[in-house]
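Everything below concerns the one structure shown next.
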Amino acid sequence: MRAVTIHRFGDLDTAGLEERPDPVPAEHDVLVEVRAVPVNYVDLVTLRGEYQFVPELPYVPGKGPAGIVRSVGAAVTRIAPGDRVLAMAEYGAYAEFVAVDHRQVYPLPDSLSFDDAAAMSLAYDTAWMALRERARLAPGESVLVLGASGAVGQAAVQLARAMGAGTVLGGVSRPGRPTGPVDGVIDLSGPDLRDSVRDQVRAVTAGAGVDVVIDPLGGDAFDGAVRSLAWRGRLVVVGFAAGRIPVLKVNYPLLKNIEVSGLQISDYRKRMPELVAQCYREVFAFHAEGRITPPLSTVLPLADWRTAVEKLGSRAASERLLLRP
């Protein structure tokens with residue numbers, strides 16, 4: 001099979017599309033023929049060797065492919081060859097085939113195309129887990145989504161709406177970028193975000209603040225978002241796309257009875273696969289009901305993987321980038 005192969009972290013010049021042996025599914029694995037795979041920010045982190053799970057070199061990047069099951073391991077009974085699936089591989093999906101543990105494979109409804117499923121992967125499960133499991137979002141509560149124009153941000157905005165949130169605010173550093181159905185935009189492009197985020201949120205919530213913050217950015221936006229929380233508010237840290245890992249002064253949680261928690265979605269797949277399966281059942285149901293829509297995507301051939309990676313890294317992509325083997 002053809003697969004993008006990384007030989008040295010942080011050095012794309014030594015990487016390329018190579019011929020590799022087809023994966024052979026182990027006893028509990030499913031072999032998926034990849035039809036579409038997203039290019040994710042976490043792929044860039046992994047390519048630099050900076051992700052929590054560092055793969056052994058050489059390795060094939062890529063998470064969250066959609067495709068068709070071609071064979072299954074001897075112990076697999078709930079998935080069969082020919083099934084259309086979304087497969088949440090930790091890596092290995094920038095390829096024509098990938099073998100994935102059957103617990104990380106989710107049957108697709110007929111209404112969802114491979115492209116749309118791949119565009120939703122790793123974004124909608126992350127957003128769902130942040131809202132449902134970590135933030136415990138209740139109907140009518142208010143939500144601020146930082147990085148609302150990004151993949152996880154747009155997913156969080158849509159899912160918050162589908163879950164019955166009241167006010168949904170989107171924080172963006174580039175005004176004019178798509179955010180989804182928000183009630184107000186919080187400008188993250190100005191100076192002194194520590195004060196300005198809080199002030200903007202208070203202005204649109206009659207001084208109450210927000211019940212939930214979803215933060216994939218970190219940096220200065222986090223500092224302001226913590227201060228914008230209402231009493232008993234919950235902030236979920238999803239990532240640090242802004243670059244700086246912030247530091248929390250714990251007097252904030254004490255004085256306002258707020259919670260700050262983190263989400264590392266790969267751990268849930270490994271430790272609580274049934275909860276992730278529940279996540280995808282609800283996400284797919286929301287899609288079937290028309291309550292969420294997949295993000296717009298641009299599809300490139302697998303051979304153009306480096307173009308896609310560099311476009312995402314420079315923040316030049318306004319749509320979800322997919323690769324098609």
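The values are calculated or read from the model by the stated rules, or taken from the named source; none is laboratory data. Computed from a predicted structure; not experimentally measured. For neighbour counting, all protein chains shown are included, and Cβ atoms are generated from backbone atoms with ideal geometry for every residue, glycine included.
Quick look at the numbers
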item	result
Residue, farthest from P61 (Cα to Cα), within segment 271-325, restricted to residues that are hydroxyl-bearing (S, T, Y) and in a helix (DSSP H, G or I)	Y280
Any chance V54 is in contact with a strand residue (DSSP E or B) (Cβ under 8 Å, 6 or more places away or on another chain) and either under 26 Å from A151 (Cβ atoms) or part of a loop (DSSP other than H, G, I, E, B) (or both)	no
Segment 284-317: number of residues that are on the phi > 0 side of the Ramachandran plot and surrounded by 14 or more Cβ atoms within 10 Å (Cβ to Cβ)	1
Where D125 falls short, out of the listed (1) part of a loop (DSSP other than H, G, I, E, B); (2) acidic (D, E); (3) under 16 Å from P38 (Cα atoms)	(1)
Options R202, R232, R194, R244: the member that is part of a helix (DSSP H, G or I), more than 13 Å from G171 (Cβ to Cβ) and out of contact with any Ser or Thr (no Cβ under 8 Å at 6 or more places or on another chain)	R194
Number of the exception - W128 against (1) touching a residue at least 60 places away in the same chain (Cβ under 8 Å); (2) touching a Ser or Thr at 6+ places or on another chain (Cβ under 8 Å)	(2)
Number of the exception - L229 against (1) crowded, with 19+ Cβ neighbours inside 10 Å; (2) not assigned by TED's automatic domain parsing to the domain that holds V152	(2)
Odd one out for S121 among (1) hydroxyl-bearing (S, T, Y); (2) out of contact with any Lys or Arg (no Cβ under 9 Å at 6 or more places or on another chain); (3) crowded, with 24+ Cβ neighbours inside 10 Å	(2)
I186 being within 17 Å of the chain's Cα centre (by Cα), among the β-branched types (V, I, T) and not in a helix (DSSP H, G or I)	no
Matching entry among E19, E50 (being modelled with pLDDT of 95 or more and surrounded by fewer than 18 Cβ atoms within 10 Å (Cβ to Cβ))	E19
Breaking point among (1) at pLDDT 95 or above; (2) in contact with a strand residue (DSSP E or B) (Cβ under 8 Å, 6 or more places away or on another chain); (3) surrounded by fewer than 16 Cβ atoms within 10 Å (Cβ to Cβ), for L248	(1)
Candidate set from segment 150-165 (those that are outside any helix (DSSP H, G or I) and at pLDDT 95 or above); member that is surrounded by the fewest Cβ atoms within 10 Å (Cβ to Cβ)	G164
Residues satisfying the stated conditions in segment 166-191, i.e. of a type in the set (K, R) and either surrounded by 14 or more Cβ atoms within 10 Å (Cβ to Cβ) or modelled with pLDDT of 95 or more (or both)	R177
Matching residues in segment 59-73 - criterion: being buried (at least 20 other Cβ atoms within 10 Å of the Cβ) and of a type in the set (A, V, I, L, M)	V60, A66, V69, V72
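Let's see how each residue does on (1) farther than 30 Å from R269 by Cβ; (2) not hydrophobic (A, V, I, L, M, F, W, C):
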{"position": "A135", "(1), (2)": "no, no"}
{"position": "S173", "(1), (2)": "no, yes"}
{"position": "G180", "(1), (2)": "no, yes"}
{"position": "D183", "(1), (2)": "yes, yes"}
{"position": "D187", "(1), (2)": "yes, yes"}
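Conditions tested, residue by residue: (1) in contact with a helix residue (DSSP H, G or I) (Cβ under 6 Å, 6 or more places away or on another chain); (2) in the same structural domain as A221 (by TED's automatic domain parsing); (3) in a loop (DSSP other than H, G, I, E, B); (4) among the basic types (K, R).
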| site | (1), (2), (3), (4) |
| --- | --- |
| E50 | no, no, yes, no |
| I68 | no, no, no, no |
| T77 | no, no, yes, no |
| A80 | no, no, yes, no |
| V98 | no, no, no, no |
| D110 | no, no, yes, no |
| R132 | no, yes, no, yes |
| A138 | no, yes, yes, no |
| A148 | yes, yes, yes, no |
